[in-house]
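Some notes on the structure that comes next.
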């Protein structure tokens with residue numbers, strides 16, 4: 001299995017961890033027993049519970065295009081420095097984005113920079129697919 005696929009798996013695991021984070025915080029907000037039922041008439045999430053949910057949605061939105069370019073690269077046999085760099089950059093960027101979003105860190109624009117680094121990472125991998133077409 002390529003480095004790129006391992007990183008895709010790690011990103012999927014990060015995606016699976018988000019609900020544990022934000023639901024734990026939401027349970028602290030509304031009481032754990034409230035989450036056992038059908039969750040009707042519960043108050044809106046706030047604080048870390050809301051930030052975690054938003055970070056999770058953001059990761060899902062960005063994971064799909066990343067996964068597509070990684071899988072297409074794998075199926076076409078493309079794995080080189082640029083695809084590995086893109087995959088590593090995506091993972092690091094998404095970890096930084098997740099940590100800063102969930103922690104509520106806004107100083108220095110770190111979260112937007114992490115978002116754009118992840119976008120650039122996906123485009124790096126996609127650029128190698130364009131070379132394959134030519």
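The values are calculated or read from the model by the stated rules, or taken from the named source; none is laboratory data. Here the structure is a predicted model, which means the values were calculated and not measured. A quick note on method: Cβ atoms are made from the backbone with ideal geometry, for glycine too, and the neighbour counts reach across all protein chains shown.
Before moving on, here are some points about what is shown:
- Scanning segment 1-48 for residues that are farther than 30 Å from residue 82 by Cβ and under 21 Å from the mean Cα position of the chain (by Cα) yields 19, 20, 21, 22, 23, 24, 25, 26, 45, 46, 47, 48.
- Residues that are in contact (Cβ under 8 Å) with a residue 40 or more places away in the chain, surrounded by 20 or more Cβ atoms within 10 Å (Cβ to Cβ) and under 16 Å from the mean Cα position of the chain (by Cα) are absent from segment 104-117.
- Within segment 28-48, being part of a loop (DSSP other than H, G, I, E, B), surrounded by 10 or more Cβ atoms within 10 Å (Cβ to Cβ) and modelled with pLDDT of 75 or more holds for 31, 42, 45, 46, 47.
- Hey, residue 76 more than 23 Å from residue 52 (Cα to Cα) and surrounded by 20 or more Cβ atoms within 10 Å (Cβ to Cβ) or not: no
- The condition of being in contact with a helix residue (DSSP H, G or I) (Cβ under 8 Å, 6 or more places away or on another chain), touching a residue at least 40 places away in the same chain (Cβ under 8 Å) and either within 21 Å of residue 13 (Cβ to Cβ) or not in a helix (DSSP H, G or I) (or both) holds for only one of 98, 126, 93, that being 98.
- If you go through segment 56-65 and keep only what is farther than 17 Å from residue 101 by Cβ and touching a helix residue (DSSP H, G or I) at 6+ places or on another chain (Cβ under 9 Å), you end up with just 65.
- For segment 65-80, the criterion of a residue being part of a helix (DSSP H, G or I), modelled with pLDDT of 95 or more, under 12 Å from the mean Cα position of the chain (by Cα) and farther than 13 Å from residue 4 by Cα is satisfied by at least one position.
- Residue check for residue 105: closer than 25 Å to residue 18 by Cα, out of contact with any helix residue (DSSP H, G or I) (no Cβ under 6 Å at 6 or more places or on another chain) and part of a loop (DSSP other than H, G, I, E, B): yes
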